[in-house]
Amino acid sequence: ERKVEAVVHATATQSGTAGGSGTYEIGESVTVTATGLNDFLGWYDEKGVLLSTNLSYTFTAQRSITLLAVFEGELFSDISSKTWYRYDAMEAALRGIVNGTEPFLFAGGKTLTRAMAVTIIARAAKAESASSELPFEDVKENAWFAPALAWAYENHIAKGMKPSRFAPDEPVTREQF
């Protein structure tokens, strides 16, 4: 009889280490442990849900899962201690200027879109959300970036690629930024 298995991948942010990764039978008890230099904030799943604030976390294997041990001051697991922009990214996140692309992922090598850029500018300016309607057919009223774009458009900071097209998902060029 073949046993059903779950892969547990335990990792940690920059100043820590995580143990307990491996392949386990479904229903088996699994313990992951974290150690690090900074204060421990908790174990999070891949959706950013806090699972435990204990350095050792025991659970029953139900499926394959990635767990992240997060330590204070380390908001992104994909920025190593040797990354040149590490402190700038952390500072921008702490000031509310940037978020990750997913929980605990900064994605520094990912392309910056026009929607992302206008949102960063609005957050850096501590802009109040504008309520004006936008002339762009490719921007839904409830889009995550719509309030930032409305503010930027109203204040002549951003404009469309064409009068009725903003192109939110296109990469922003250095010239446009």
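Restricting to the stretch 68-93, name every residue that is β-branched (V, I, T) and surrounded by fewer than 19 Cβ atoms within 10 Å (Cβ to Cβ).
T83
If you check A122 against the conditions, is it in a loop (DSSP other than H, G, I, E, B) and buried (at least 17 other Cβ atoms within 10 Å of the Cβ)?
Criteria not met by A122.
Among what's in the stretch 27-54 and is of a type in the set (A, V, I, L, M) and at pLDDT 95 or above, pick the residue that is nearest to the chain's Cα centre (by Cα).
Of everything passing the filter in the stretch 27-54, L51 is nearest to the chain's Cα centre (by Cα).
Of the conditions (1) of a type in the set (D, E); (2) over 19 Å from A107 (Cα atoms); (3) modelled with pLDDT under 90, E5 satisfies every one except a single condition; which number is it?
Of everything listed in (1) of a type in the set (D, E); (2) over 19 Å from A107 (Cα atoms); (3) modelled with pLDDT under 90, E5 misses just condition (3).
Take T111 and tell me if it is in a loop (DSSP other than H, G, I, E, B), in contact with a Pro (Cβ under 6 Å, 6 or more places away or on another chain) and in contact (Cβ under 8 Å) with a residue 24 or more places away in the chain.
yes
Would you check if E133 is among the acidic types (D, E), modelled with pLDDT under 90 and assigned to a loop (DSSP other than H, G, I, E, B)?
So E133 fits the description; yes.
If T33 satisfies every condition in (1) of a type in the set (S, T, N, Q); (2) closer than 19 Å to A107 by Cα; (3) surrounded by 14 or more Cβ atoms within 10 Å (Cβ to Cβ) but one, which is the exception?
All conditions are met except number (2).
Within the bounds of the stretch 138-148, is there any residue that is open to solvent by less than 30 Å² (accessible area, probe 1.4 Å), more than 29 Å from D45 (Cα to Cα) and of a type in the set (K, R)?
No: the stretch 138-148 contains no residue that is open to solvent by less than 30 Å² (accessible area, probe 1.4 Å), more than 29 Å from D45 (Cα to Cα) and of a type in the set (K, R).
Which pairs have Cβ atoms under 6 Å, sit 6 or more apart or on different chains, and link a residue in the stretch 149-177 that is more than 17 Å from E133 (Cβ to Cβ) to one that is among the β-branched types (V, I, T)?
These pairs meet every condition: D169/T113; P171/T111.
The values are calculated or read from the model by the stated rules, or taken from the named source; none is laboratory data. Everything numeric in this text was worked out from a predicted model, so none of it was measured. Here the Cβ is made from the backbone with ideal geometry for all residues, glycine too, and neighbour counts use every protein chain on show. Heads up: the accessible areas ignore ligands, DNA and RNA and are worked out on the full protein's heavy atoms, side chains in. Shrake-Rupley method; radii C 1.70, N 1.55, O 1.52, S 1.80 Å.
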